[in-house]
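Down below is the structure, laid out as structure tokens.
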Amino acid sequence: QVQLVESGGGLVQPGGSLRLSCAASGNIFSIIAMGWYRQAPGKERELVAAITRGGSTNYADSVKGRFTISRDNVMNTVYLQMNSLKPEDTAVYYCNVRTRSSDYWGKGTMVTVSS
């Protein structure tokens, strides 16, 4: 079992920045990848960015060049640095952790980009 605690959401003006954090606890040695998804009102949940234990990253086209995912060396905390935020980035952001047998989700943190 893996437990996740997210932090860092909030209200920011267009062009601003936010940093999301997700701390994992429990069986962290079983984690093979960590990532962030988001779900905007009326839309399906989508992948924002992911990072593997080996350090490989994957980004949605809509955030490439603006968002950066990173993790600590023991794979128990993942970060999402979000720069040049746009109103269309407004969504609930969910932390995801993948093991060989299961997916775990955080409760979500709201990011609102508005003037």
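Some points to look at:
- Counting only residues at least eight positions apart within a chain, or on another chain, the aspartates and glutamates with an alpha carbon under 13 Å from that of K64 are D89.
- When the Cα positions of V74, A50, G106 are compared along the charge dipole of segment 41-115, V74 comes out farthest toward the positive end, with charges on each C-beta of Lys, Arg, Asp and Glu.
- Here the 3J(HN,Hα) profile of segment 92-103, calculated from phi with Karplus coefficients 6.51, -1.76 and 1.60 at θ = phi - 60°, is 8, 9, 10, 7, 10, 10, 10, 10, 5, 10, 8, 10 Hz, Gly and Pro shown as x.
- The aspartates and glutamates within cross-link reach of K107, meaning a Cα-to-Cα straight distance under 12 Å and a gap of 8 or more places when in the same chain, are E6.
- Spread over its residues, the convex hull of the C-alpha atoms of segment 14-83 is 103 Å³ per residue.
- Less than 5 angstrom separates the built amide H of G16 from those of L85, all sequence-distant by 5 or more or on a different chain.
- Solvent-accessible area assigned to carbon and sulfur over the chain amounts to 47 percent, based on a 1.4 Å probe.
- Whole-Hz ³J(HN,Hα) from phi, Karplus 6.51 cos²θ - 1.76 cosθ + 1.60, for segment 39-54, glycine and proline x: 9, 8, x, x, 10, 7, 5, 10, 6, 9, 6, 8, 9, 8, 4, x
- Solvent-accessible area per residue, Å², over the chain with all protein chains present [probe radius 1.4 Å]: 53 Å²
The values are calculated or read from the model by the stated rules, or taken from the named source; none is laboratory data. The structure presented is a predicted model; accordingly, all values stated were derived computationally and were not measured. Cβ: placed from backbone, ideal geometry, glycine included. Neighbour counts: every protein chain shown. Accessible surface is based on the protein model in full, side chains and every heavy atom, while ligands, DNA and RNA are left aside. Shrake-Rupley method; radii C 1.70, N 1.55, O 1.52, S 1.80 Å.
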